[in-house]
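So the structure is just underneath, and the comments pick up after that.
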Amino acid sequence: MKRKSFTKLGVVLILIFCVFSEIIYSNNCLTVTNYNIKTDKTDASFRAVLLSDLHNKEFGRNNHLLLEAVESLKPDIIFVAGDMVTMGDPNTETALNVYRGLAELAPTYCCVGNHERNFESRDTLYRKISETGAHLLQNSMETVSVGGGKITVGGLYGFPYYEFSSIYDPSRLFLESFIEQEKDNYSILLAHEPEFFMWKLSEKELDLMLSGHTHGGIIRLPFIGALVAPNQGVLAKNGDILPKYTKGMYHSDTANMIVTAGLSNEKIVPRLNNPPEICVININK
């Protein structure tokens, strides 16, 4: 009887250790995911790094581990898809330090996420981001020379709710102009929330949309995937039980999207089976 009790206790302790170890790994150990894309719309051949959702987390002092990891990947260009700060937390220096470090490594382009949009002193924050050397795109786009060719990079500030918004909504006007110019240029759209793809953008002509926001679904289960994501699955009340767009590359007939699981999580619930992610996107490499 005692032997059985000790055996059960041992199994429980092993399970607790495994779960605890996985939580530590999923919340602190940087991983890299690679994507390869071929296109005839540009002669450019380059490597991009995509980051998102830092939420003031630090990987080593002053995020030196994160910056060293990005540097080791030798990017030609860097994209940041928002939520590097956390609304309600006045700390901006952690994110700004990362932006400064990234801008020293390669040309860096970023959009805002919902946490930047809802930040108490957001105009000051936006100014400080631009002062780091990163290009902050707010319903704007730039033609970029990279890898021996040119591409267009745009940043969508917020979703243009076509059913309700004015035809003069800034996000709507920007998106329409971005799609129009995309007929001639390979274009990359930074848009923090991937549910925009689900609601409307999958119907548009989009060479590549880059998003974050979901934190990879926070908890991922084998053979099932992500359990929860904002405005997806049960949270969207659209009949889907599980979220569809949380991590990976997705396609429609006319659009493509990559969603990064991001770097951190502002929720109380820890990430599980879902480590922090740096995405590498090789275009014509």
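The values are calculated or read from the model by the stated rules, or taken from the named source; none is laboratory data. Quick caveat, the model's predicted, so the values are computed rather than measured. With ideal geometry, Cβ positions are generated from the backbone for all residues, glycine too; neighbour counts draw on all protein chains shown. Only protein heavy atoms, including side chains, enter the accessible area calculation; ligands, DNA and RNA are left aside. Shrake-Rupley method; radii C 1.70, N 1.55, O 1.52, S 1.80 Å.
Couple of notes before you dig in:
- Meets criteria (in contact with a Cys (Cβ under 8 Å, 6 or more places away or on another chain), buried (at least 20 other Cβ atoms within 10 Å of the Cβ) and touching a residue at least 40 places away in the same chain (Cβ under 8 Å)) for Gly155: yes
- Selected residue (criterion: surrounded by the fewest Cβ atoms within 10 Å (Cβ to Cβ)) from residues of the stretch 238-258 that are part of a strand (DSSP E or B) and either of a type in the set (Lys, Arg) or under 16 Å from the mean Cα position of the chain (by Cα) (or both): Met249
- Of all residues in the stretch 249-284, those being within 21 Å of Phe196 (Cα to Cα) and either in contact with a helix residue (DSSP H, G or I) (Cβ under 6 Å, 6 or more places away or on another chain) or aromatic (Phe, Trp, Tyr) (or both) number 7.
- Subset of the stretch 183-200 (residues that are surrounded by fewer than 22 Cβ atoms within 10 Å (Cβ to Cβ) and among the aliphatic types (A, V, I, L, M)): Met198
- Any chance Glu180 is within 24 Å of Leu65 (Cβ to Cβ), open to solvent by 50 Å² or more (accessible area, probe 1.4 Å) and either outside any loop (DSSP other than H, G, I, E, B) or touching a residue at least 40 places away in the same chain (Cβ under 8 Å) (or both): no
- Complete set of residues in the stretch 69-106 that are in a helix (DSSP H, G or I) and over 23 Å from Gly216 (Cα atoms): Glu71, Ser72, Glu93, Leu96, Asn97, Arg100, Gly101, Ala103, Glu104, Leu105
- Residue within the stretch 159-171 that is modelled with pLDDT of 95 or more, closer than 27 Å to Asn56 by Cα and buried (at least 18 other Cβ atoms within 10 Å of the Cβ) present: no
- Only one entry in Ala255, Ala229, Ala261 is aliphatic (A, V, I, L, M), within 20 Å of Thr86 (Cβ to Cβ), modelled with pLDDT of 95 or more and in contact with a Ser or Thr (Cβ under 8 Å, 6 or more places away or on another chain), namely Ala261.
- Of all residues in the stretch 107-125 being assigned to a helix (DSSP H, G or I) and either among the aliphatic types (A, V, I, L, M) or in contact with a Phe, Trp or Tyr (Cβ under 9 Å, 6 or more places away or on another chain) (or both), the one that is farthest from Thr214 (Cα to Cα): Leu125
- The residue of the stretch 205-224 that is farthest from Val153 (Cα to Cα), among those that are buried (at least 18 other Cβ atoms within 10 Å of the Cβ) and in contact with a helix residue (DSSP H, G or I) (Cβ under 8 Å, 6 or more places away or on another chain), is His213.
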